[in-house]
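For reference, the structure is listed below as structure tokens.
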């Protein structure tokens with residue numbers, strides 16, 4: 001098998017990789033060839049994929065799943081760089097790709113509902129919610145292929161995605177929370193829990209806090225630390241996530257170099273620490289994110305406007321807040337009826 005590229009060394013010692021790309025034949029039967037030069041093998045392969053993707057003859061015949069997915073990921077990277085989506089979204093798409101290994105060498109047009117159904121049988125090792133997310137990601141990619149005119153339809157239209165029962169939001173009252181943290185003896189970990197409960201920050205946002213972000217009674221969110229290894233990033237989940245959050249006047253943070261919360265290097269260790277305290281106190285199970293839900297519930301009960309709450313928690317739009325917490329507002333909405341009395345004024 002011939003090597004996919006040749007190498008060339010420039011006068012300054014830098015190496016270049018030269019890819020000879022076969023694009024099929026033109027109407028006269030002449031072979032269509034293009035040459036791609038790159039600084040790395042990875043860059044060269046990406047350029048080759050882009051060239052093939054944009055070549056109509058090849059697209060209409062036999063573009064491979066892996067070639068299209070490379071372009072798909074590159075578009076997502078561009079959106080991250082333009083701050084249109086978060087780096088967490090990119091990392092998720094990269095992580096899900098390993099579940100699509102069976103399709104990598106498939107021609108796109110050969111991926112039909114039968115092929116997907118056979119592939120799904122191998123996903124039974126995952127929980128239903130995970131399978132739903134994996135299937136949703138594959139379906140999103142296939143919809144992208146339709147927009148790029150690589151496919152005429154999404155095979156998922158003939159299938160029903162794996163369903164799962166959504167986990168109920170676990171909400172702690174302020175009294176319950178106070179009872180729980182009274183048993184937490186590690187001061188830094190206690191401060192983390194208090195910060196999450198009384199600010200509604202996401203765990204990754206709290207992990208990115210530094211002393212200089214605390215200005216008077218406000219937190220100025222400038223960065224996050226995300227994923228398992230707490231990787232530093234300035235990209236937030238949504239554009240509105242980069243925000244200023246008011247804090248109680250009694251909540252203070254230590255003056256220190258680096259991050260305020262640096263007890264562990266991995267997010268899994270923080271989760272384990274929380275699990276330990278839950279087990280030791282025989283408290284009902286909750287997560288760091290449930291403290292964010294609890295913050296919203298507390299704000300609703302204290303009478304804050306839902307539009308303000310949406311801004312405080314950094315939701316991209318009010319619809320997201322209403323879809324998640326609207327049921328908590330039912331009694332508040334019903335109370336409007338009493339405002340106008342029970343007698344007709346005219």
Residues in region 184-203: is at least one outside any helix (DSSP H, G or I), more than 19 Å from the chain's Cα centre (by Cα) and closer than 30 Å to residue 244 by Cβ?
yes
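For (1) over 19 Å from the mean Cα position of the chain (by Cα); (2) touching a residue at least 60 places away in the same chain (Cβ under 8 Å); (3) not in a loop (DSSP other than H, G, I, E, B), each residue gets a yes or a no:
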position	(1), (2), (3)
69	no, yes, yes
77	no, no, yes
80	no, yes, yes
93	no, no, yes
118	yes, no, yes
125	yes, no, no
132	no, no, yes
171	yes, yes, no
Could you run through region 134-166 and say how many residues are free of Cβ contacts under 8 Å to residues at least 12 places away in the same chain and closer than 23 Å to residue 53 by Cα?
6
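To keep it simple, each residue is scored yes or no on (1) over 29 Å from the mean Cα position of the chain (by Cα); (2) surrounded by fewer than 14 Cβ atoms within 10 Å (Cβ to Cβ).
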residue	(1), (2)
255	yes, yes
264	no, no
271	no, no
274	no, no
277	no, no
280	yes, yes
284	no, yes
287	no, no
294	no, no
Test result for residue 324, modelled with pLDDT under 90, out of contact with any strand residue (DSSP E or B) (no Cβ under 6 Å at 6 or more places or on another chain) and surrounded by 10 or more Cβ atoms within 10 Å (Cβ to Cβ):
yes
Could you figure out which of (1) under 30 Å from residue 225 (Cα atoms); (2) touching a helix residue (DSSP H, G or I) at 6+ places or on another chain (Cβ under 9 Å); (3) surrounded by fewer than 17 Cβ atoms within 10 Å (Cβ to Cβ) isn't true of residue 82?
(2)
Within region 107-122, work out how many residues are surrounded by 15 or more Cβ atoms within 10 Å (Cβ to Cβ) and either under 22 Å from residue 92 (Cα atoms) or touching a strand residue (DSSP E or B) at 6+ places or on another chain (Cβ under 9 Å) (or both).
4
Reported set for region 138-150 where residues are surrounded by fewer than 17 Cβ atoms within 10 Å (Cβ to Cβ) and assigned to a helix (DSSP H, G or I) is 140, 143, 146, 147
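The values are calculated or read from the model by the stated rules, or taken from the named source; none is laboratory data. Given the structure is predicted, the values throughout are model-derived calculations rather than measurements. A quick note on method: Cβ atoms are made from the backbone with ideal geometry, for glycine too, and the neighbour counts reach across all protein chains shown.
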